[in-house]
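Below: the structure, in structure tokens.
Each reported figure results from applying straightforward, stated rules to the coordinates on display, with no laboratory input. None of these values were measured; they are calculated from a predicted model. Positions of Cβ are backbone-derived with ideal geometry, glycine not excepted, and every protein chain shown enters the neighbour counts.
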């Protein structure tokens with residue numbers, strides 16, 4: 001394998017707020033707690049107090065979650081070691097999170113977890129007296145099923161059809177036998193890697209009761225060797241730690257006020273990612289997750305007949321904290337309440353809404369973690385790598401749209417000067433002489449001469465475009481290869497990592513796929529990584 005990189009800014013796929021953050025521009029510094037570099041962790045570690053009581057509750061909850069999820073933790077295994085280490089005041093977490101996408105969904109699910117592992121390793125080397133545990137936070141309480149219901153393999157969309165509703169982590173997975181059958185057809189004829197993929201899918205979804213347990217199993221199978229710990233926030237004992245904050249938000253709508261204040265300042269420079277509600281909590285049952293709405297002195301559960309007085313709602317919160325689910329704006333606060341966390345790794349859209357939360361963290365006196373943009377990767381197989389190198393295009397050119405890339409390639413590889421630089425230069429010199437001559441004869445002729453010059457210049461430029469198009473038609477093989485690269489590496493003109501599933505790469509490279517990512521990636525980074533496959 002070989003790698004190359006391109007600055008995130010040069011790809012054209014990352015927003016201004018993210019590129020400004022990576023460059024630590026002054027106008028963004030008021031919206032985060034720590035700079036995204038390893039040196040900043042010295043201060044973050046000193047400020048991160050996390051009680052022994054919380055550590056004990058967290059450790060016990062995680063052990064119970066793994067046991068309930070039918071995953072046996074061996075004492076000598078890295079996951080068990082990391083869970084036990086959470087009892088120590090010298091242990092901290094590095095967290096990433098994502099929805100419970102079917103069979104992990106898009107590639108960046110995998111890249112997020114790799115990023116967490118790599119940052120944990122970097123921190124362990126920088127601060128050897130401390131221990132850093134990579135965490136994958138399952139968004140098990142999310143109720144947007146459509147977003148997580150499918151994955152793509154060999155150009156096919158494999159989708160889970162169900163009438164279930166509510167928090168996706170609680171959904172039963174026995175219906176996924178039909179998706180397994182479709183996957184199986186696409187995997188045949190079997191290779192050893194294909195057999196492992198089928199077994200992984202089957203054991204995850206048909207041997208576990210719900211989507212949360214299935215997803216934990218997949219992440220454990222792929223990443224337990226790196227010590228990744230999976231956390232499910234849909235846990236009554238962990239929710240108890242969040243009760244004081246949930247109570248304040250229900251009674252005083254604190255998060256809404258704080259986010260609005262921060263967002264007003266942020267919107268002076270950037271587009272906002274999310275807008276707060278008055279109450280940023282849902283009411284959660286086995287088959288529903290509905291907004292809590294306050295009207296006068298009553299609390300209503302949206303789209304249901306349920307309603308509570310203030311006293312009744314407080315009783316419900318204390319007796320059943322698991323029924324109160326934070327939304328996208330309070331979920332980060334909940335996460336930081338229950339974890340001894342120092343860093344959060346997310347995509348550009350995620351970090352954009354974290355920037356709206358700084359004063360919310362400050363109000364609740366919860367330390368805000370250091371924010372890192374996850375690794376992004378474009379992985380080329382042998383044929384794609386071969387074409388890329390034969391065409392001799394740069395990583396920056398590869399991110400151009402297809403028409404612009406082909407035009408640049410044609411100009412760079414043509415035997416003639418297709419843009420007529422020499423001719424246009426001669427033309428300009430001629431008209432300068434004509435302008436001077438006409439001016440000497442009659443000064444009123446100068447504007448007319450300049451107008452003629454501009455008209456002829458445009459004619460030459462039009463001729464140049466026609467010459468380039470003609471040369472492009474002659475370069476059919478190069479055009480076909482450029483089309484092949486753009487179609488395969490940027491499906492639907494988007495990033496590969498947002499469409500393709502890891503299974504295509506695991507089928508080709510087996511365990512070497514994740515091993516290569518671990519070897520080639522580092523965090524923090526300001527660069528998008530390209531990985532080439534050599535035969």
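Using 0.36 nm per residue, how much length does the chain from residue 2 to residue 304 gain when fully extended, once their Cα-Cα distance is taken away? Could the numbers behind the result be given before it?
On the way: separation 302, 0.36 × 302 = 108.72 nm, distance 5.61 nm.
Here the segment from residue 2 to residue 304 would lengthen by 103.1 nm.
If you stretched the chain out fully between residue 294 and residue 475, how much longer would it get, using 0.36 nm times the residue separation minus the C-alpha to C-alpha distance? It would help to have the intermediate numbers written out before the result.
Details: separation 181, 0.36 × 181 = 65.16 nm, distance 6.58 nm.
Contour length minus Cα-Cα distance gives 58.6 nm.
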Worksheet item: What is the Cα centroid distance between the range 75-144 and the range 267-292, reported in whole angstrom?
Response: 25
Fill in: Between helix 177-187 and the chain: long-axis angle, C-alpha atoms, 0 to 90°, nearest 10
40
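To the nearest 0.05, how large is the calculated FRET efficiency for residue 125 and residue 29 if R₀ is 22 Å and r is the Cβ-Cβ distance? Show your work: numbers first, answer last.
On the way: r = 27 Å, r/R0 = 1.23.
Approximately 0.25, to the nearest 0.05.
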Discussion item. Can you order the peptides 199-205, 508-514 by their average number of other Cβ atoms within 10 Å per residue, highest first?
Written reply: 199-205, 508-514
Worksheet item: Separation of the range 250-264 and the range 175-235 by C-alpha centroid, Å?
Response: 40
Discussion item. Restricting to Cα pairs below 8 Å that are 6+ residues apart, what does the relative contact order work out to for the chain? Please round to a whole percent.
Written reply: 24
Fill in: Distance between modelled label sites at residue 484 and residue 236, nm, 7 Å Cα→Cβ extension
6.0
Discussion item. How many angstrom lie between the Cα centre of the range 491-535 and the Cα centre of the range 1-21?
Written reply: 15
Worksheet item: Which length gain, in nm to one decimal place, applies between residue 386 and residue 52 when the Cα-Cα distance is subtracted from 0.36 nm times their residue separation?
Response: 114.7 nm
Worksheet item: So what's the back-of-envelope 222 nm ellipticity for the chain, counting only DSSP H runs of four-plus at -39500 (n - 2.57) apiece and dividing by all residues, rounded to 500?
Response: -15500 deg cm²/dmol
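Applying 1/(1 + (r/R0)^6) with R0 = 35 Å to the Cβ-Cβ distance of residue 436 and residue 465, what FRET efficiency is obtained, to the nearest 0.05?
On the way: r = 30 Å, r/R0 = 0.86.
That pair, residue 436 with residue 465, gives E of 0.70.
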Worksheet item: What angle, in degrees between 0 and 90 and rounded to the nearest 10, separates the Cα long axis of helix 192-206 from the longest principal axis of the Cα atoms of the chain?
Response: 40
Item to complete: Please provide three numbers in whole Å: the alpha-carbon extents of the chain along the principal axes, with the largest listed first.
Response: 97, 60, 52
Worksheet item: Can you give the Rg to Rh ratio for the range 38-95, taking only C-alpha atoms and Rh from Kirkwood?
Response: 1.04
Worksheet, complete the sentence: Expressed in nanometres to one decimal, the distance between label points 7 Å along Cα→Cβ at residue 185 and residue 287 is 3.1
Worksheet item: Going by alpha carbons, how many degrees (0 to 90, nearest 10) lie between the helix axis of 402-413 and the longest principal axis of the chain?
Response: 40
